[in-house]
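Data block below; observations after.
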Amino acid sequence: MNKSKSKSRSKEIKKKNVINEDLQKILSSQEEYMANISHELKTPLNVILSAAQLLTVYCDSGLLVEKKDLTVKCIDSIKRNSYRLSKFINNMIDLSKIESGFFELNLSNNDIVEVVEDMVMAVTEFTESKGIRIIFDTDIEEKIIACDPEKIDKIVLNLISNAIKFSKIGGEISVNIKNKIEFIEISVEDNGIGIKKEYMHKIFDKYNQIDKSLSRNAEGTGVGLSLVKSIVELAGGSINVESKLGIGSKFTVKLPSKRVLQQNMQFNNSMRNGKENIKVEFSDVY
C-alpha cells in the first residue's frame with residue numbers, strides 16, 4: 001500500500017513538474033512576444049517624435065527654408081515610420097479577426113495571372129532602387145479562379161518584402177505561376193542568404209522572428225508570414241518554404257482552381273497597386 005502511494009505521489013510530482021515547465025515556456029514566450037511588440041511600436045514612434053522635434057526647432061528658428069533638405073528627410077522619415085505602424089496595426093487586426101472567425105474573403109472570379117503580374121510590375125521600381133532584380137514568369141497566359149485580389153496583393157507583397165530583406169544587392173527575385181490543373185502555384189524565390197535549418201519549423205509561427213543577424217534589413221515582428229499562411233489556408237490553399245543557407249529561399253503558395261457563382265466584389269480594383277499600399281507593405285524594408 002505504501003509503495004502504491006509512493007508511486008502515485010511520484011507520478012503526481014512528475015506531472016506537476018511537466019506542467020510547471022510548460023507554464024515556464026508559455027511565460028517565456030509571452031515575455032519575448034511583449035518585447036517584440038514593444039520594439040515594433042516604440043522604434044517608429046521614437047523616430048517620428050525625433051523628426052517632429054527637429055521640425056519644431058526649425059519652425060521656431062525660422063530655418064525651414066534654409067534647412068529644406070533636412071526638412072524633407074524628416075517628413076519622409078515621419079511618413080515611412082507612420083506606414084510601418086499602420087502595417088503592424090493592420091496585421092494585428094487581421095490576425096485577431098482570423099482567430100475570432102470574423103475575417104472574410106471577398107471572392108470574385110479573376111485572372112490570377114494578371115493579378116499577380118500587376119503587383120510584380122508595380123514593385124519593380126522599388127526593387128530596382130534596392131539593387132535587386134525582380135522577374136515574373138508564368139506557364140499559362142490566363143487562369144480565372146475565385147480569389148480576393150486585395151488579399152492576393154497582401155500575400156505577394158509580403159513574400160516579396162521578405163525576399164528583399166534576405167537578398168543582397170545585385171540579387172534576383174523570381175515570381176512564378178504554374179498551372180497544376182486542380183490548383184494554381186505561386187512561388188517567390190530569391191538567391192539570397194537563406195534561412196538556417198533550425199528556424200525552418202517555426203517560420204510561420206505568429207510573432208516569430210528569424211535570426212536578425214541573417215537579414216540585411218532585420219525589422220518586423222514576424223507577423224507577416226503568419227498572416228500570409230492564415231489567409232492562404234482560409235482560401236483553401238497551402239504554403240510551404242524551401243531554403244538552403246547561403247543559396248536562397250523559395251516560398252510556394254497553392255490556391256484551388258475553382259470559381260464562384262456569387263461574386264463578392266467589395267474592393268475597388270482601381271485602388272489596387274497604389275503606391276501608398278506598396279509603401280505600407282514595404283515600410284520595414286530599408
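The values are calculated or read from the model by the stated rules, or taken from the named source; none is laboratory data. Every value quoted in this text rests on a predicted model; they were computed, and no experiment measured them. So basically every Cβ, Gly included, is an ideal-geometry build from the backbone, and we count neighbours across all protein chains shown.
Looking across the stretch 102-132, just one residue is assigned to a helix (DSSP H, G or I), among the polar types (S, T, N, Q) and in contact (Cβ under 8 Å) with a residue 40 or more places away in the chain, and that is 127.
Just to be sure, is residue 140 part of a loop (DSSP other than H, G, I, E, B), within 14 Å of residue 257 (Cβ to Cβ) and either assigned by TED's automatic domain parsing to the domain that holds residue 261 or out of contact with any Lys or Arg (no Cβ under 9 Å at 6 or more places or on another chain) (or both)? Can you show your working first?
Working: part of a loop (DSSP other than H, G, I, E, B): yes; within 14 Å of residue 257 (Cβ to Cβ): yes; either assigned by TED's automatic domain parsing to the domain that holds residue 261 or out of contact with any Lys or Arg (no Cβ under 9 Å at 6 or more places or on another chain) (or both): yes.
Judged against the criteria, residue 140 is a match.
Out of all the residues in the stretch 98-108, is one or more over 16 Å from residue 275 (Cβ atoms) and charged (D, E, K, R)? The answer is yes, given that some residue of the stretch 98-108 is over 16 Å from residue 275 (Cβ atoms) and charged (D, E, K, R).
Inside the stretch 183-197, residues that are under 11 Å from residue 163 (Cα atoms) and in a strand (DSSP E or B) make up a count of 3.
Note on the stretch 94-120: residues that are modelled with pLDDT of 90 or more and closer than 18 Å to residue 281 by Cα total 7. Scanning for something closer than 22 Å to residue 226 by Cα, small (Gly, Ala, Ser) and outside the structural domain of residue 155 (by TED's automatic domain parsing), does the stretch 88-97 turn up at least one residue? So far as the stretch 88-97 goes, yes, one or more of its residues are closer than 22 Å to residue 226 by Cα, small (Gly, Ala, Ser) and outside the structural domain of residue 155 (by TED's automatic domain parsing).
Residues considered: 87, 73. Of these, the only one that is outside any loop (DSSP other than H, G, I, E, B), without any contact (Cβ under 8 Å) to a residue 60 or more places away in the chain and basic (Lys, Arg) is 73.
Please verify whether the stretch 145-154 includes one or more residues that are assigned to a loop (DSSP other than H, G, I, E, B), in contact (Cβ under 8 Å) with a residue 40 or more places away in the chain and surrounded by fewer than 20 Cβ atoms within 10 Å (Cβ to Cβ). No: the stretch 145-154 contains no residue that is assigned to a loop (DSSP other than H, G, I, E, B), in contact (Cβ under 8 Å) with a residue 40 or more places away in the chain and surrounded by fewer than 20 Cβ atoms within 10 Å (Cβ to Cβ).
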